[in-house]
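One structure is given below, encoded as structure tokens.
The values are calculated or read from the model by the stated rules, or taken from the named source; none is laboratory data. Note that the coordinates shown come from a computational prediction; the quantities given were computed from them, not determined experimentally. Cβ coordinates were reconstructed from backbone atoms using ideal geometry, including for glycine residues, and neighbour counts include every protein chain displayed. These accessible areas exclude ligands, DNA and RNA; they are computed on the full protein's heavy atoms, side chains included. Shrake-Rupley method; radii C 1.70, N 1.55, O 1.52, S 1.80 Å.
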Amino acid sequence: MQILVVGGAGYIGSICVELLLDEGHEVIVFDNLTEGHRRAVDERAVFIGGDLARREEISRVLYETKPDAVMHFAANALVGESMQNPSKYFRNNVCAGINLLDAMLEAGVHRFVFSSTCATFGPPARIPIDETLPQHPINPYGESKLMFENVLRWYDMIHGLQFVSLRYFNAAGATEKFGEDHRTETHLIPNVLKVALGQKQHVEIYGTDYETPDGTCIRDYIHILDLSRAHILALGTKESAFYNLGTGGGSSVREVIEVCRGVTEREIPVIEKPRRPGDPPRLIASSAKIKRELGWKPQFEDLGAIVESAWRWHQKFPNGYGD
Ligand code: UDP
């Protein structure tokens, strides 16, 4: 198939592009490079610079290429930042996304795979989080993604847009070529690995008084390749659907740091800080639905193997993509 990957220069998008190409698909990447990196775009893909906020730019690409499907990764995705600048999240994650959907419909493209998030749930009533649980986000990031999920439901009902919305838990790890490089790094695993590389003095632990066994937040870390495989499976579906995507395992912040110490064999000093606003204490996925319906199966169920892949990439590219 020919796939237009919007946001294909970012962390998750770049690795999905690599896997699509490996599987024989043709890929066009559309990205404004505010978060992404030109060097993160696989050289086998066609790259087109442009911004979803300017509707005509994405319309032109869709008219000219008429892809079989669109994968949409372009978004802002930081819980903390969204608590300080909600406008950015609603504009970029909702309004710009609607430009993309409208341009698709105009060009006659009706197949869509969306990067959603477990942050749409907020603190869940039970664990693991399956698709039947109510969604009550507690930060504008999660709210913006939930709003877009609702737009998708209506566009399916009214315009016949066929979508799959994949609600990622915590994406982590790397391939040999591509990995995680955010210009401002707020994520746990890359920050811990920067300490291991000697680029930072210590890791900050945000909150040690949560109601979890060791007092720190628990997340479900999923390897980026397992996430990417789910996108490829989503291309083969007929019905619109929402799927939660994690490994079903939970690791606390302290456990992640301990695993990183084991993998890197480096000392990793920590400093305990207050809670970060907007963080739910515990997020663990049930991925039973995507396993049952699409036959998805994670290949990395062990956090050590996920961290090892990230550590290899960070050692190989200590300055990330260097831009
Ligand atoms: N976290 C932390 N120190 C850091 C970065 C993150 O203690 O330097 C915590 C954060 O508060 C959350 C967990 O690690 O509980 C995962 O955060 P991350 O930003 O990686 O992903 P999120 O779950 O926010 O998408």
Subject >> Pairs with Cβ under 7 Å, 6+ apart, first in the range 73-90 and under 19 Å from Arg167 (Cβ atoms), second of a type in the set (Val, Ile, Thr) >> reply: Phe73/Val5; Phe73/Val6; Phe73/Ile12; Ala74/Val6; Leu78/Thr186
Original post:
How many residues are open to solvent by less than 40 Å² (accessible area, probe 1.4 Å) and either more than 12 Å from the ligand (Cβ to nearest atom) or without any contact (Cβ under 8 Å) to a residue 24 or more places away in the chain (or both) if we restrict to the range 179-214?
Top reply: 5
**OP:** Tell me which residues, restricted to the range 268-293, are at pLDDT below 95 and either more than 16 Å from the ligand (Cβ to nearest atom) or closer than 16 Å to Asn191 by Cα (or both).
**Re:** Arg276
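Filter the range 29-45 for residues that are closer than 22 Å to Ala107 by Cα and either open to solvent by 10 Å² or more (accessible area, probe 1.4 Å) or in a helix (DSSP H, G or I) (or both) and give the result. Write out each step before concluding.
Applying the first criterion (closer than 22 Å to Ala107 by Cα) to the range 29-45 yields 29-32, 45.
Result: Asp31, Asn32, Ala45.
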Original post:
What helices (runs of 4 or more DSSP H) completely inside the range 46-94 contain at least 3 residues that are open to solvent by less than 50 Å² (accessible area, probe 1.4 Å), among the hydrophobic types (A, V, I, L, M, F, W, C) and away from the ligand (no atom under 16 Å from the Cβ)?
Top reply: 55-65
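Per-residue answers, yes or no, for (1) touching a helix residue (DSSP H, G or I) at 6+ places or on another chain (Cβ under 8 Å); (2) within 25 Å of Arg111 (Cα to Cα); (3) at pLDDT below 95:
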position	(1), (2), (3)
Tyr210	no, no, no
Asp220	yes, no, no
Ile224	yes, yes, no
Ser228	yes, yes, no
Ala234	yes, yes, no
Lys238	no, yes, yes
Phe242	yes, yes, no
Leu245	yes, yes, no
Gly248	no, no, yes
**OP:** Quickly run through the range 95-114 and pick out the residues that are open to solvent by 10 Å² or more (accessible area, probe 1.4 Å) and not in a helix (DSSP H, G or I).
**Re:** Gly108, His110, Arg111
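So which residues in the range 115-158 are among the charged types (D, E, K, R) and either more than 29 Å from Val17 (Cβ to Cβ) or not in a helix (DSSP H, G or I) (or both)?
Taking the range 115-158 first, the residues among the charged types (D, E, K, R) are 126, 130-131, 143, 145, 149, 153, 156.
Hits for the range 115-158 are Arg126, Asp130, Glu131.
Look through Gly304, Gly320 and report the one residue that is part of a loop (DSSP other than H, G, I, E, B) and either out of contact with any Leu (no Cβ under 9 Å at 6 or more places or on another chain) or open to solvent by less than 80 Å² (accessible area, probe 1.4 Å) (or both). If you could, list the steps in order and put the result at the bottom.
Numbers: Gly304 fails: part of a loop (DSSP other than H, G, I, E, B).
Step by step, each of Gly304, Gly320 is checked, and only Gly320 is part of a loop (DSSP other than H, G, I, E, B) and either out of contact with any Leu (no Cβ under 9 Å at 6 or more places or on another chain) or open to solvent by less than 80 Å² (accessible area, probe 1.4 Å) (or both).
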**OP:** Under 6 Å between Cβ atoms, at least 6 apart or on separate chains: pull out the pairs that start in the range 222-249 with a residue that is closer than 17 Å to Val17 by Cα and end on any residue that is small (Gly, Ala, Ser) and not in a helix (DSSP H, G or I).
**Re:** His223/Gly173; Ile224/Ala171; Ile224/Gly173; Leu227/Ala171; Leu235/Ala69
**OP:** Read through the list (1) more than 14 Å from the ligand (Cβ to nearest atom); (2) surrounded by 18 or more Cβ atoms within 10 Å (Cβ to Cβ), then give the number of the only condition that Ser252 fails.
**Re:** (1)
Subject >> Number of positions in the range 259-295 that are in a helix (DSSP H, G or I), open to solvent by 30 Å² or more (accessible area, probe 1.4 Å) and under 24 Å from Cys118 (Cα atoms) >> reply: 7
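Do we have any residue at all in the range 144-153 that's acidic (Asp, Glu), farther than 22 Å from Phe300 by Cβ and free of Cβ contacts under 8 Å to residues at least 60 places away in the same chain? Before the answer, list the steps.
So in the range 144-153, the residues acidic (Asp, Glu) come out as 149.
With farther than 22 Å from Phe300 by Cβ added as a condition, the list becomes 149.
Among the residues that remain, those that are also free of Cβ contacts under 8 Å to residues at least 60 places away in the same chain are: none.
Within the range 144-153, not a single residue is acidic (Asp, Glu), farther than 22 Å from Phe300 by Cβ and free of Cβ contacts under 8 Å to residues at least 60 places away in the same chain.
On the given criteria, is Tyr221 under 15 Å from the mean Cα position of the chain (by Cα) and within 13 Å of the ligand (Cβ to nearest atom)?
It is true that Tyr221 is under 15 Å from the mean Cα position of the chain (by Cα) and within 13 Å of the ligand (Cβ to nearest atom).
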**OP:** Mind listing just one residue for me: the one in the range 159-178 that is within 30 Å of Glu106 (Cβ to Cβ) and open to solvent by less than 10 Å² (accessible area, probe 1.4 Å) and, of those, farthest from the ligand (Cβ to nearest atom)?
**Re:** Leu161
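Please go through the range 120-145 and give me each residue that is open to solvent by less than 20 Å² (accessible area, probe 1.4 Å) and of a type outside the set (Phe, Trp, Tyr), ordered by number.
Just the residues of the range 120-145 that are open to solvent by less than 20 Å² (accessible area, probe 1.4 Å), to begin with: 120-122, 129, 133, 139, 142, 144-145.
Result: Thr120, Gly122, Ile129, Leu133, Asn139, Gly142, Ser144, Lys145.
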